[in-house]
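Student: Shown below is the structure under consideration.
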Amino acid sequence: MHRLDEGPSTVGGLMSSDPILVWADTPLPDVADLLDRSGISGVPVVDWSGYLVGVVTRMDLLRVRASDSLWADWSRLSTRHVMSQPALTVTVDTPVERAARLMESHHVHRLVVVADDGESPIGVLSATDLVRAMAGRTVERSP
């Protein structure tokens, strides 16, 4: 267990391991259902090799709803049509301070943690993870 002021100093100590993933061709209604049922606001998107190709968030889905032409095609759209790409990534060894600066400068709420190959998602670091640690709450995470 760590507190932010006494550690962990790297992303590996705060990230959520074994992230929920979706395929690039997952239908958007299925993504919306997954986000709703899981109580999460975004997920990494992978190709058939399991390599990271983007991130899809509730805001991406909201943009579809706000567009008459996209909304008319809702049932025919897949993740690849609306995902943000490229995904911003970090590794388990990335300093927490660098990760926080990256989130702030790019106005994102999550970073995908990738394996040493730089392409395989192994976790997610969310703004919630950082704020929880900042609030002094203890967290128990394994990289």
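Student: Looking at (1) over 15 Å from the mean Cα position of the chain (by Cα); (2) within 20 Å of T26 (Cα to Cα), find the lone condition where D116 falls short.
Tutor: Result: D116 fails condition (2) only.
Student: In the set R76, R110, which member is basic (K, R) and surrounded by 12 or more Cβ atoms within 10 Å (Cβ to Cβ)?
Tutor: Exactly one of R76, R110 is basic (K, R) and surrounded by 12 or more Cβ atoms within 10 Å (Cβ to Cβ), namely R110.
Student: Against the condition touching a strand residue (DSSP E or B) at 6+ places or on another chain (Cβ under 9 Å), modelled with pLDDT of 95 or more and either surrounded by 15 or more Cβ atoms within 10 Å (Cβ to Cβ) or not hydroxyl-bearing (S, T, Y) (or both), how does A66 come out, does it pass?
Tutor: no
Student: Same structure, new question: Take the residues in the range 86-136 that are among the basic types (K, R) and either part of a helix (DSSP H, G or I) or without any contact (Cβ under 8 Å) to a residue 60 or more places away in the chain (or both), then tell me which one is nearest to T10 (Cα to Cα).
Tutor: The selected residue is R98.
Student: Just checking, how many residues over the range 21-57 are touching a helix residue (DSSP H, G or I) at 6+ places or on another chain (Cβ under 6 Å), within 25 Å of L102 (Cα to Cα), at pLDDT 95 or above and part of a loop (DSSP other than H, G, I, E, B)?
Tutor: Qualifying residue count for the region: 1.
Student: Can you name the residue in the range 85-107 that is at pLDDT 95 or above, under 17 Å from S120 (Cα atoms) and among the polar types (S, T, N, Q) and is also nearest to the chain's Cα centre (by Cα) among such residues?
Tutor: Top of the filtered list is T89.
Student: To continue, here is another question. Looking at the range 79-107 only, could you name the residues that are exposed (fewer than 12 other Cβ atoms within 10 Å of the Cβ) and either hydroxyl-bearing (S, T, Y) or within 19 Å of I20 (Cα to Cα) (or both)?
Tutor: Within the range 79-107, P86, S105 qualify.
Student: Something else now. Please work out if S16 is surrounded by fewer than 17 Cβ atoms within 10 Å (Cβ to Cβ) and not β-branched (V, I, T).
Tutor: So S16 fails the test.
The values are calculated or read from the model by the stated rules, or taken from the named source; none is laboratory data. What you see is a predicted model, and the numbers here were worked out from it, not measured in a lab. Using ideal geometry, Cβ is built from the backbone for each residue, glycine included, and neighbour counts are taken over all protein chains shown.
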